[in-house]
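Here is the structure we will look at.
Coordinate-derived values only; no laboratory data. Because the structure is predicted, anything quoted here is derived from the model rather than measured. Glycine gets a Cβ as well: all are built from the backbone with ideal geometry, and neighbour counts include every protein chain shown.
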Amino acid sequence: MRKILPIVFFAGVLAAFLTPMELGDVWWHLRTGQWIWENKGLPQADPFSIAPAAAGQGVLASFWLCQLMLYGVYGLAGVYGLIALKALVFCLTFLLMESLLKGCGLKSPLRYILLLPSVFIATFYDEMRPQTLSFLFFAAVLYVLEKYWNAEGDAKAEKGIMALPGLMLLWSNMHAGFVSGAALIIYYAATGPAWGRGVSRAAALKGLAISAASVALSGLNPNGLRPVSLTFGMVAGSMKGAAPIHEHLPVREFAHFTGQGSLHSAIIALTAAGGAVFIANFIIAAFWKPHRIEPGPRPSFWGSHLLLFAGLSYASFATFRAGLFFALVWTLAVGKTVSAWPLPEMKQSRALGRLKGLSRALALSALLIAIGFVLLPRTVMRTPAVDERLIPVKAANFIEAQMPPGNIYHPYEWGGYLMWRLYPQYRVFIDGRALARMDEYFDVLEARPAWDDILSRYEVNTVVYWPLLPYRKNVPALVFALMRDEGWSPVYWDLQSIAFVRKRLAKNPIGKGAVWELLQSLVTVNIMSSPRDPKNYIALGEVYMERGLKYDARDAFKRALELDPGSREAAFYLGTPER
């Protein structure tokens, strides 16, 4: 039973991440990897978008090694190869963390229980892109440092420190997240000699020298140590509410924007649970002399990573990007702290043995049920490899077949995929690299007064956009503006996308009446699926209002206000004073 539990657990982790390609940056990474391979060099200017060529120079060269790797995997095994690589990366990440917990002396069931929160939070980062490799490198650097500074004369662990410079050199050429690895190295170098167990003076000096060399070698990448200042700038911008994209938002705002409130709740729960463990640890350290019943490495009470936990907890609230780094440190910090508690040894008995056997059997049954009925239906074994609900596969097919006039304005989230499908025939307006001017992108999206002038300046003749915004589930202001403007004609629609072309260039335009019916039916479907959500009625009211159906619009806004008396949007449309 003990041997089966880890097999089933990691089979579950594998199934949890064998999921289809959704919104993400993998597509523009693939295209850039192809460009680097074909041109045998790094791009000095952006070849893919209509943004100014000098913008975002650091982004163009930050991920080159990972981009080549992704392009190579895609060339060998296609999209399924990338999905398998993603699942493997996450499995290796959690395998390293499980090994660390085992080294602390934690028993099998508790190790996997402590890993579950990290696995859950990792599902919010379920994409195959360079950041995913950063999680694996972070766990690997954490593993090497933790083993070395608590080696207690273990020659194998002491030799492991020699891998650190190579890890950092590789990492720094794959993703700017290597900054977190440098921070880990500095933290351990500052605390390891004081808190580590059995580290001789010679070993401490060796560790400090290799740590310094590793941080220095991480600067051997196209951007040098510039990502350090950029990372601090990103966190500072997130805290001030000046994040350029939603992934840089504080986790509370990210959860509100995307509707993923469970992520925010999970971060709060982990912070509270970790705080409770450290408080209990302080009490035990103060009033109960530590001891161990079983032999083995025992971390110091004050070496339990309280400062590391606190720092990453703060960072995880400040920016969504830090969430999984915090969860991984939480797993180690809590596991390491609990493992040092002087718990009395329980006498073995037949009844206790049966109880343990029953608990393991129940745990295995729960895991098997979760894998069979929850995880497997989400995998690419049961679903298409590319999620067409979120990625504009059909719209890209239409553009390839009909060749509407360029350039194209489109959602930020679609830029990478359109780059992968349509370059060099088309260049994207914006993508996950965020090289274009975000203010101009939002001026167009929100149909501000200069929206058409901006499109004209960039020679945009085709607009492809969501009929309903995926997070707010309402019709974008830009779509309403295009429907009102006589200079634009709809030429294509499906349930996930709608395309407009300048009227003088449009071939086979669609009647706008049909598009109005489409928009209204999409909102109505949302109401049927979530009849208590006031936002759906506001969206319906907006459609009615744009169509000139003012009485129907008023009824929809009234219904929204009934469901949410504090709704400012509904009150605004009804002309009701805010409550």
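Per-structure values
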quantity: Helix 130-149 axis, angle to the chain major axis (alpha carbon atoms, nearest 10°); calculated: 10 degrees
quantity: Stokes-Einstein diffusion coefficient of the chain, Kirkwood radius over Cα pairs, 10 °C, 1.306 mPa s, in µm²/s; calculated: 60 µm²/s
quantity: The chain, helix-only ellipticity at 222 nm - DSSP H runs n ≥ 4, -39,500 (n - 2.57), divided by all residues, nearest 500; calculated: -19500 deg cm²/dmol
quantity: Relative contact order of the chain, pairs being alpha-carbon contacts under 8 Å that are 6 or more residues apart, as %; calculated: 16 percent
quantity: Ranked Y188, Y492, criterion: other C-beta atoms within 10 Å, fewest first; calculated: Y492, Y188
quantity: Theoretical FRET efficiency, 1/(1+(r/R0)^6), r = Cβ-Cβ of S99 and R472, R0 51 Å, to 0.05; calculated: 0.75
quantity: Anchor K535: lysines whose Cα lies under 26 Å away (excluding residues fewer than 8 positions away in-chain); calculated: K473, K512, K550, K558
quantity: Degrees separating the helix 26-39 axis from the principal Cα axis of the chain, which is the longest one; calculated: 90 degrees
quantity: Overall form of region 87-342 per C-alpha gyration tensor (a/c, 1.5; a/b vs b/c); calculated: oblate
quantity: In degrees, nearest ten, helix 512-529 long axis to first principal axis of the chain (Cα); calculated: 40 degrees
quantity: Neighbour-count order for I430, I268, I113, fewest beta carbons within 10 angstrom listed first; calculated: I113, I268, I430
quantity: Whole-number percent relative contact order across region 484-579, with pairs defined as alpha carbons under 8 Å at least 6 apart; calculated: 16 percent
quantity: Eligible lysines near K206 by straight Cα distance, threshold 27 Å, same-chain separation 8 or greater; calculated: K102, K147, K156, K159, K336
quantity: Gyration tensor (alpha-carbon) shape descriptor, region 419-494, a/c threshold 1.5; calculated: rounded
quantity: Relative contact order [Cα under 8 Å, 6+ residues apart], region 87-342, whole percent; calculated: 25 percent
quantity: Distant-in-sequence amide H partners of T319 (H built 1.01 Å from N, under 5 Å); calculated: V251
quantity: Estimated FRET transfer efficiency (F442, D555; beta-carbon r; R0 51 Å; 0.05); calculated: 0.95
quantity: Residues A450 and R382, FRET efficiency given R0 of 60 Å [Cβ-Cβ distance, rounded to 0.05]; calculated: 0.80
quantity: Least to most buried among I454, I399 (fewest other Cβ within 10 Å first); calculated: I454, I399
quantity: Distance (nanometres) between label positions extended 7 Å along Cα→Cβ at A280 and A163; calculated: 3.2 nm
quantity: Relative compactness, region 91-131, computed as alpha-carbon Rg over 2.2 N^0.38 Å; calculated: 1.27
quantity: Amide N of region 447-490 lying under 13 Å from the label point, which is placed 7 angstrom from the Cα of A514 along Cα→Cβ; calculated: 490
quantity: Amide hydrogen neighbours beyond the local backbone of V491, cut-off 5 Å, H modeled; calculated: A499, F500, V501, I510
quantity: Rounded, prolate or oblate (a/c below 1.5 giving rounded, otherwise prolate when a/b exceeds b/c) for region 103-169 by Cα gyration tensor; calculated: oblate
quantity: Cβ-defined net charge surrounding V444, 12 Å radius [Lys, Arg +1; Asp, Glu -1]; calculated: -3
